[in-house]
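The next block holds one structure in the form of structure tokens; read it before the comments.
Only the coordinates and a few stated rules stand behind these numbers; no lab work does. This is a predicted model, so every value here is computed, not measured. FYI the Cβ positions are ideal-geometry reconstructions off the backbone, even for glycines, and counts take in every protein chain you see.
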């Protein structure tokens, strides 16, 4: 049993402590916004926030983050600025990687209010997008942070 | 209130498709009759909302938005009144006898039929409303979801739909596209808000009551079979229920996806040896290169004039050999499918399908069923790029479902998504151009050699002696006129499985031709754009595309030191696309600063969606050029995940991509694929301009590392 706060709600999960957080979210809590893409922290499709920091949930044992606050794409407010920017600039194509992209962007903007291209590239380099929406991701992060794209 | 369902079907002009209306009951009402909603394009509810069955799979290319926009404009409703889904395979949605999405055909194949569907729906609604109101139909129109006569609202659309369901259907004439409100405008994608909120149910996210997970364990060597399986370590994993075996491997069954993966990692399998255990990239490469010398085996694909004679009479010959490796599709969603057996002994399947009939027929064959006993649902795809055109994973999944007798999600891990292949073919080419004394191209001979994708991918294979069109794609139908011209192909098959990869043969052949033209330009002392203009002097449409890209991309204008531009032009899938790539080399890494794209696809239905397709195609073309290629060793793909199969990341993507559309009254061209092929050679040509050294083998980074 591991206690967590997931999207603001306290939960006690029964998954074994060595279970990666991704599978606790998907298999046990039925939160399927975070995706399985590689299982080895190379693609970022599973990115969620733990204690406000973006993490690759496929490679983080739930037992190691007992007591932490976890935020997934499902936990963002309806009027979230990053999501609004993503819609305004029509970022997604297939959309599979986008929850992970958005959660990485949330983590970046919590640390850096107005990131430049280099800061965006550094923070987002762990999130692959095979559809190639990278230029729109850069622009959307700037829009969400009140900068001209 | 209960409304009897009454479906009216009729054949529209040409008999190519069926338009049906279904008046759906209001929410909460008892359904008073059976319907087959997947046989109809449109279901118009009594609330006026429209359910559109699109014949295409939405995998990020945006065709569902394009189709919704066409229907909304033709009928005259707000775009958000149209909800789009992909139907089960049936005749109205088939092209050439089967249903599927490929060949950049989503808009160009369905533009005319869907306009006609929408127009006929509109006319039927108008006729029914006019009859009710005692008004001449010519005075009735539909605007913004309301049926109007003059300035007055006659009735809401839903009421007209209720009347139309019991009235004779009519045939309508499509509107003038100039009057469209959504088509051709900055229309937002219908699927994006949900995708941004993480709401869509991708195949990976789909569940059924009582469903179990089945993690595939597959032979790393192509065609390999399991010799011995020790189930005990897998069964010892908490949550694992059993192991199912099938030809080529096994599946570990568990109540959760994680337990199935853990069990799969623990399963001990020894694989029987195969005839291919020793196969390597070096051997594949050597066989292809040897093929280039086999004149007697070369199958002619195009011959204009006598290229051999023209080459022997030329003042000067330019010659070069090129090579590309097998490359993987790597959609971000690893393949998976959900299957359950039905009460009538059939199967119901939910998955990421680009070819609905092919997958349904394969499932039926494996299960020994008539295809009518297989219900196949298409879910949202986490990327396609051609990898979901096949059915290669399905037989093992069906066998597993039949063994488990519960709803089962059968899934591959990323290692199998990359390692089980169905790759873009490896291929080599030899190009020889003859120049006259004035430096004019008077002859060109292109020979390609490599495995036949059709042999690997098409159930019918490729008969001996026939040319695989994909092996010479964009070479046989090039718009260039290089004088005497010959294209031929030497078939060098391998066991490595292949499938169409976004833009298919245009990827490798576009690279061969366009890189070679820069070699020719250099030899002739000509500017690369000027050379292409000479070869396209007969084709004003192509010249316009070339000139637009050159102008917008600042071709010929000064650049900062250490930067260079490259140019390429490829005609594929009915669209003409030219690109300028601006690049530099910094500390051994290639940096792409800017890409300028001009594309003539004749008509742009959703401009921003099309722009996104250009951007994505360019990124994928640059990615494959720079990084991609599998390494074959010991009969297997040695790259198993993104740590060893490198694709472009955001920090490697260009700073700027600009797209310029050219529209005209020609036949509509494709958008999903044509933006990709020029990106690869345009980058190669920029590096050639920068360093003076041609890059004749991909990926680029491997060449730079070896230089």
Restricted to chain B, the DSSP antiparallel beta bridge percent, nearest 5, is 75
Counting pairwise Cα distances across the range B:531-603, what percent come out greater than 21 angstrom?
31
Counting DSSP beta bridges with both partners in the range A:1-143, what percentage is antiparallel, nearest 5?
85
Full-stretch length increase - residue B:283, residue B:436 - with 0.36 nm per residue and alpha-carbon distance subtracted
51.3 nm
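Please work out the FRET efficiency for the pair residue B:705 and residue A:79, using the Cβ-Cβ distance as r and a Förster radius of 45 Å; give the result to the nearest 0.05.
Calculated value: 0.40.
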Among A:126, A:75, A:107, whose mean-square fluctuation peaks in a Gaussian network model of chain A (Cα, cutoff 10 Å)?
A:75
Two pseudo-spin positions, 7 Å from Cα along C-beta at residue A:118 and at residue B:185, lie apart in nanometres by 4.3
Across A:48, A:11, A:70, the residue with the highest GNM fluctuation in chain A (Cα network, 10 Å cutoff) is A:11
Would you mind calculating the relative contact order of chain B from Cα pairs under 8 angstrom and at least 6 residues apart, reporting the percent as a whole number?
13
Considering all alpha-carbon pairs of the range A:2-75, what whole percent are spaced by more than 18 angstrom?
24
As an exercise, find the ratio Rg/Rh for the protein assembly as shown from alpha-carbon atoms, using the Kirkwood inverse-distance average for Rh.
0.97
Below 8 Å, C-alpha to C-alpha, sequence gap of six or more: please give me the relative contact order for the range A:2-75 in percent.
42
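Can you compute the helix-only [θ] at 222 nm over chain A? Use -39500 (n - 2.57) per DSSP H run of at least 4 residues, normalise by all residues, nearest 500 deg cm²/dmol. Kindly include the intermediate steps, with their values, before the conclusion.
Values: 4 runs with 41 residues, N = 149.
It comes out at -8000 deg cm²/dmol, rounded to the nearest 500.
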Residue B:559-residue B:537 FRET efficiency (beta carbon distance; Förster radius 35 Å; 0.05 resolution)
0.80
Simple spin-label estimate for residue B:587 and residue B:481 in nanometres, 7 Å along Cα-Cβ:
5.1
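Give me the percent of DSSP beta bridges within the protein assembly as shown that run antiparallel, rounded to the nearest 5.
Numbers: 100 of 134 bridges.
DSSP beta bridges in the protein assembly as shown are roughly 75 percent antiparallel.
Counting alpha carbon pairs within less than 8 Å and at least 6 residues apart, what relative contact order, in whole percent, applies to chain A? Before the final figure, lay out the partial values.
Values: 273 pairs, mean separation 36.0, N = 149.
Relative contact order of chain A: 24 percent.
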Over the alpha-carbon set of chain A, work out the extent along each principal axis and list the three values in angstrom, largest first.
47, 27, 24
Given the -39500 (n - 2.57) contribution per DSSP H run of 4+ residues, what per-residue ellipticity at 222 nm results for chain B, rounded to the nearest 500 deg cm²/dmol?
-8500 deg cm²/dmol
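Roughly how compact is chain B, stated as its Cα Rg over 2.2 N^0.38 Å to two decimals?
1.03
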Length released on extending from residue B:299 to residue B:466, taking residue separation times 0.36 nm less the Cα-Cα span
59.4 nm
If each of residue B:370 and residue B:631 carries a label point 7 Å out from its Cα toward its Cβ, how far apart are those two points in nm?
5.3
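What value does the range A:94-149 have for Rg/Rh, both radii from Cα atoms and Rh as Kirkwood defines it?
On the way: Rg = 10.3 Å, Rh = 11.1 Å.
Result for the range A:94-149 is an Rg/Rh of 0.92.
Per the Cauchy relation, a quarter of the hull surface: what is the mean projected area of the convex hull of the alpha carbons in the range B:473-552, in nm²? Mind showing how you got there, number by number?
Working: hull surface 28.0 nm².
Here the figure is 7.0 nm², rounded to one decimal.
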10 Å-binned pair-distance histogram of the range B:276-380 (Cα, whole percent):
10, 23, 16, 20, 18, 10, 3, 0
Enumerate the whole-percent occupancy of each 5 Å bin, from 0 to the last occupied one, for all C-alpha pair distances of the range B:87-195.
2, 10, 16, 18, 17, 16, 12, 6, 3, 0
Grab the Cα-Cα distance for residue B:135 and residue B:94, subtract it from 0.36 nm times how many residues apart they are, and report the gain in nm with one decimal.
10.9 nm
